[in-house]
Amino acid sequence: MGRPAIAPRREAPLRSDTVLVRRLLLYTDPPFEGSGVSLRRAVTAALPDVPLLHNHVDGPRVPLVRYSARQGIAELTGIGEGVPLLDQVRGALTFLVVGSRSYRIQGAELFDERLPFGVVDHAVTHRFITPWLALNERNHVRYQSSGPQERQRLLEAILVGNLLSLSKAVGHHEERRIAVRVEQLVPIVCHHKGVKMLGFRGSFAANFAIPSALGVGKLTSKGFGKVETVPRFTDTEELCNF
């Protein structure tokens, strides 16, 4: 059986829903030089009794608070039940302690955005800006023993599962069919806590809108699997009819 056909855009477009994404930016002195992992440790050490901040959910559940750092700024992103927690973090923290270093928090900003989320009526191209950790122990064996076409189908099925898990995490009940096409993913070796893992870089197309602040796959709370949407250059893109 060949690849699914691509059908022309319909007259009445199917619109996605939206999801609330809250971002907390922490400005420190000196500028923050840690990673998303070290930021998570600093926040959870200061707030040990808030379980959702710890993100001990590297199984099927999606972390509701993600940690990252760039250009000297510490950043937390909240979705679903993680959104109100960022107010608590902002009010409780005065320092970030990472190892022997202490960063005084001099300022904080909260940003709320309602962003498109869910099934749409056209193909959206997404690019991984950090490696996507797709495989668990079981499907890693299957991936390694498969040929190119079966590997592609496996990764597509995993991505659909990732998007359904993300939908559940933000309280979005998706009844429409999610279609994914993987054609430009490159396997790379990643390391986490001294463990070697197989990750993927590249892009994929889906009939699904994903806010660029979010990620999919394993260890997203630690910065893996972040996506960005590749801009649409025309309004005549075709409908995914997978």
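Laid out as a table, the results:
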| item | result |
| --- | --- |
| Per-pair calculated FRET efficiency, R0 = 22 Å: K168 and Q71 via Cβ, rounded to 0.05 | 0.10 |
| Reach of K168 by Cα under 24 Å, taken over lysines that are not fewer than 8 positions away in the same chain | K218, K222, K226 |
| Value of relative contact order over the chain, rounded to a whole percent, pairs C-alpha under 8 Å and six or more apart | 28 percent |
| Dimensionless Rg ratio for region 46-117, taking C-alpha atoms and the 2.2 N^0.38 Å reference | 1.18 |
| GNM flexibility winner over the chain from T125, T77, T94 (Cα, springs under 10 Å) | T94 |
| Sites T229 and L198, calculated FRET efficiency, Cβ-Cβ separation with R0 30 Å, nearest 0.05 | 0.75 |
| Cβ-derived FRET efficiency at R0 51 Å, V189 paired with S102, nearest 0.05 | 0.90 |
| At 1.567 mPa s and 4 °C, Stokes D of region 116-231 from Kirkwood alpha-carbon radius, µm² per second | 90 µm²/s |
| Residue-averaged [θ]222 nm for the chain, counting only DSSP H segments that reach four residues, each worth -39500 (n - 2.57) | -6500 deg cm²/dmol |
| Kyte-Doolittle at least 0.0, axis length at least 24 Å by Cα - qualifying DSSP helices, the chain | 148-169 |
| Distance in nm between pseudo-label sites at R176 and I129 (7 Å out along the Cβ direction from Cα) | 2.5 nm |
| In order through region 112-122: 3J(HN,Hα) via Karplus (6.51 cos²θ - 1.76 cosθ + 1.60), integer Hz, x for Gly, Pro | 10, 9, 9, 10, x, 8, x, 5, 10, 9, 8 |
| Rh by Kirkwood over Cα pairs, then Stokes-Einstein D for the chain at 1.567 mPa s and 4 °C, µm²/s | 68 µm²/s |
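Computed from the coordinates by the stated procedures, all read-outs in this text should not be read as laboratory data. Just so it is clear, the structure is predicted and the values come from calculations on it, not from any experiment. Cβ atoms come from the backbone with ideal geometry, glycine included; neighbour counts cover every protein chain shown.
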